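The values are calculated or read from the model by the stated rules, or taken from the named source; none is laboratory data. Note that the structure is predicted; figures quoted are calculated from it, not measured. Virtual Cβ from ideal backbone geometry, glycine too; neighbours counted across all protein chains shown.
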Amino acid sequence: MGARPFIWARPECCRGRVEELGLAFPTHPSLYRTSDLRPAGDSAGVGPSRLIFRPPRSEGYARRVRARFALGVVLVVAAAGCGGSKQNAPPATTSSTFRGTELAGGTPSPDFALRDQDGRFVRLSALRGKTVLVTFLYTHCPDVCPIIATNLDTAARGLRGVRVLAVSVDPKRDTPAAARDFLRARAVGREFRFLVGTRAQLARVWRAYHIAVQPGLKGTVTHSAYTLLIDRRGRQRVLYDAQAKAAAVRHDLRLLALTAR
């Protein structure tokens with residue numbers, strides 16, 4: 001017997017809300033493939049629109065999901081389209097003094113290459129030797145994305161060997177000009193790069209990082225909103241949800257620099 005569906009409800013106010021309904025094993029929308037997402041219409045024609053995240057068809061895929069949880073990779077989804085989001089990040093499962101959730105195992109972060117807001121080619125693996133924060137945003141986001149961008153810029157500002165990479169989740173509207181305007185409006189530092197591309201180019205990155213992207217209400221985009229802290233050797237070390245504060249991320253950047261291994 002399979003697990004019951006995972007329902008992510010988006011009420012009319014578009015306030016992110018997640019409900020778990022008797023899952024057989026730890027599951028999260030951000031770990032599902034795009035092909036696993038199916039719209040569920042309201043039979044009455046009114047009420048909240050919903051997306052049902054059905055259990056994976058493949059038991060092998062299910063085992064891989066459970067394995068990622070066993071390693072401590074807990075990805076927290078945020079309905080970042082509009083109206084704010086509510087997240088309850090799980091506590092760290094180790095004795096680490098990181099303020100974010102430490103990821104056990106030091107998994108190598110998937111490589112990718114995209115153009116930034118100035119047309120420059122940015123490859124993640126070329127940043128070995130630097131500490132990198134990777135997040136997923138879009139320029140027309142009315143609430144969560146600007147806060148994440150400001151917090152990450154504040155955390156990284158003035159620290160040597162730190163880069164921030166924001167990967168677009170809105171390929172149609174996130175043009176280089178829109179990305180430049182977004183960064184200029186927030187006066188971010190030179191360490192912050194906004195990466196854009198075609199849907200095909202960006203979708204490869206979304207899949208590699210388990211990012212769920214769906215159209216939202218009134219031109220918004222509902223997407224997984226988390227940030228990964230990647231160490232100088234290209235390993236995923238710390239995870240943050242959308243509510244992470246700049247001071248917490250900056251603390252971890254400094255700690256990682258002191259304990260680099």
Exercise. Restricting to the stretch 184-195, what's the tally of residues that are closer than 15 Å to CYS141 by Cα and surrounded by 22 or more Cβ atoms within 10 Å (Cβ to Cβ)?
Worked result: 1
Exercise. What number goes with the only condition from (1) in contact with a Ser or Thr (Cβ under 8 Å, 6 or more places away or on another chain); (2) touching a residue at least 40 places away in the same chain (Cβ under 8 Å); (3) within 30 Å of LYS218 (Cβ to Cβ); (4) not hydroxyl-bearing (Ser, Thr, Tyr) that GLY161 does not pass?
Worked result: (3)
For this session: Identify, from the list ALA179, ALA155, the residue that is in a helix (DSSP H, G or I) and over 19 Å from ASP241 (Cβ atoms).
Result: ALA179
Exercise. In this structure, is ARG184 at pLDDT 95 or above and more than 23 Å from GLY234 (Cβ to Cβ)?
Worked result: yes
Problem set entry | Qualifying residues in the stretch 115-143 (those that are more than 17 Å from the chain's Cα centre (by Cα) and of a type in the set (A, V, I, L, M)) - the one surrounded by the fewest Cβ atoms within 10 Å (Cβ to Cβ) | ALA126
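If we only count strands (runs of 3 or more DSSP E) wholly inside the stretch 104-146, which ones have 2 or more residues that are touching a helix residue (DSSP H, G or I) at 6+ places or on another chain (Cβ under 8 Å) and either touching a residue at least 12 places away in the same chain (Cβ under 8 Å) or at positive phi (or both)?
113-115, 131-137
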Exercise. When you look at ALA200, is it surrounded by 15 or more Cβ atoms within 10 Å (Cβ to Cβ), hydrophobic (A, V, I, L, M, F, W, C) and at pLDDT 95 or above, yes or no?
Worked result: no
Problem set entry | Condition met for LYS172 (closer than 26 Å to ARG207 by Cβ, modelled with pLDDT of 95 or more and touching a Gly at 6+ places or on another chain (Cβ under 6 Å)) | no
For this session: Answer yes or no: is there a residue in the stretch 144-161 that is at pLDDT below 95, buried (at least 23 other Cβ atoms within 10 Å of the Cβ) and closer than 30 Å to THR107 by Cα.
Result: yes
Exercise. Does ARG250 count as in contact with a helix residue (DSSP H, G or I) (Cβ under 6 Å, 6 or more places away or on another chain), modelled with pLDDT of 95 or more and part of a helix (DSSP H, G or I)?
Worked result: yes
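Any idea which residue in the stretch 203-242 is surrounded by the most Cβ atoms within 10 Å (Cβ to Cβ), counting only those that are part of a helix (DSSP H, G or I) and at pLDDT 95 or above? Talk me through it step by step, then tell me what you get.
The initial filter retains those residues of the stretch 203-242 that are part of a helix (DSSP H, G or I), namely 203-208, 217-219.
So of that shortlist, the ones also at pLDDT 95 or above come out as 203-208.
Numbers: ALA203: 16, ARG204: 15, VAL205: 23, TRP206: 20, ARG207: 12, ALA208: 12.
It comes out as VAL205.
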For this session: Specify which of the listed residues (GLY189, GLY158) is on the phi > 0 side of the Ramachandran plot and over 14 Å from the mean Cα position of the chain (by Cα).
Result: GLY158
